[in-house]
C-alpha cells in the first residue's frame, strides 16, 4: 500500500491524532509527576520508555499500513529534538548524561513495525525488548550495578546486561509460546543474548534503535542474529580496550546503562 492510499483510509487521521494525544498525555503525566512528587528525570524517563512501548504494541491493531506510524515517528522526532534544544520536557530530557535516546525512540518503533512485515509476534518481541529489556538494563545497572566496565567510554555493568538478557528472553518466550512458534526457548535465549550484547555496545542512547533492530533480526533470522552477536562481541572487546583517558563522570553518561 502506497502512502497516499494509507492516508486515504477511513479514520486513519483520527487514529493518528488519537495516538499523538496518547503520547502527549504520557509526556504531560511525566512532567506533572516529576513536579508534584519531585521524581528524578531518570525515573520519569524510564516510565515514559515503558509506557510508550506499551502504546506502541497496539500499532498493528490500529494501523493497516506502516506509513501512518512512520509519519508519527517523524513528527515526534522533530518534537523531541525541538524540546531538547529549548530545554523543555525536563522529565524526558533532564538526565545528567549525554544521550539522544529519547529522539531515537520513535525511530526504533517505526523500524520495528516496517521490519516485522505484518508479523505481529516479531514486532511484539522487538518492542518488548526495547521497552522492557532496555529499561531493565538501565534500572538494574544504575541501582545494583557493581561489576562495571567501560565500552566506547560509556559506563556499563554486568548486572545491567544480565537484566537486559533475562527480561528480553522472558518476554520473547512468552510471545513465541503464545503464538505457537517452534522452539520458543531457543528463540528467547537468542533474542536475549543479542539484545544484551548490542545494548552494551550502543553508546549515547543509540540502543533505542539497535535493540529493536537486533531483536527483530534474532527472532526472524536466527542465523543472521548469530553473526550479529559475534560482530557485537568483537565490538564489545574493542570498546572495552579503548583507553580510558576520559573518566566516566566526564562522559556525562552516568553510573551505568543509558
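Remarks
- The label-point distance for residue 35 and residue 74, in a model that sets each label 7 Å from Cα toward Cβ, rounds to 3.2 nm.
- With all pairs of separate Cα atoms included, segment 1-154 yields a Kirkwood hydrodynamic radius of 16.6 Å.
- Take every pair of alpha-carbon atoms less than 8 Å apart whose residues are at least six positions apart; their mean separation over the length of segment 3-251 yields a relative contact order of 19 percent.
- Diffusion constant of the chain at 25 °C, which comes from Stokes-Einstein with the Kirkwood Cα-pair radius and 0.890 mPa s, µm²/s: 132 µm²/s
- Computed with the Debye formula from one identical point scatterer per Cα of segment 89-230, without solvent, the log10 of I(q)/I(0) at q = 0.09, 0.10 Å⁻¹ comes to -0.24, -0.30.
- Percentage, to the nearest whole number, of Cα pairs in segment 162-236 over 15 Å apart: 48 percent
- In units of the compact-protein estimate 2.2 N^0.38 Å, segment 148-195 shows a Cα radius of gyration of 1.37.
- FRET efficiency, residue 88 to residue 54 (Cβ-Cβ, R0 22 Å, nearest 0.05): 0.40
- When the chain is treated as a Gaussian network with alpha carbon springs shorter than 10 Å, the biggest mean-square fluctuation among 139, 12, 107 belongs to 12.
- Overall Cα dimensions of segment 27-76 - principal axes, largest extent first, Å: 40, 19, 14
- Between the C-alpha center of segment 46-91 and that of segment 142-200 there is a gap of 23 Å.
Each value in this text was obtained by applying a stated rule to the coordinates, not by laboratory testing. As the structure is a computational prediction, the values presented were derived from the model and not from experiment. For neighbour counting, all protein chains shown are included, and Cβ atoms are generated from backbone atoms with ideal geometry for every residue, glycine included.
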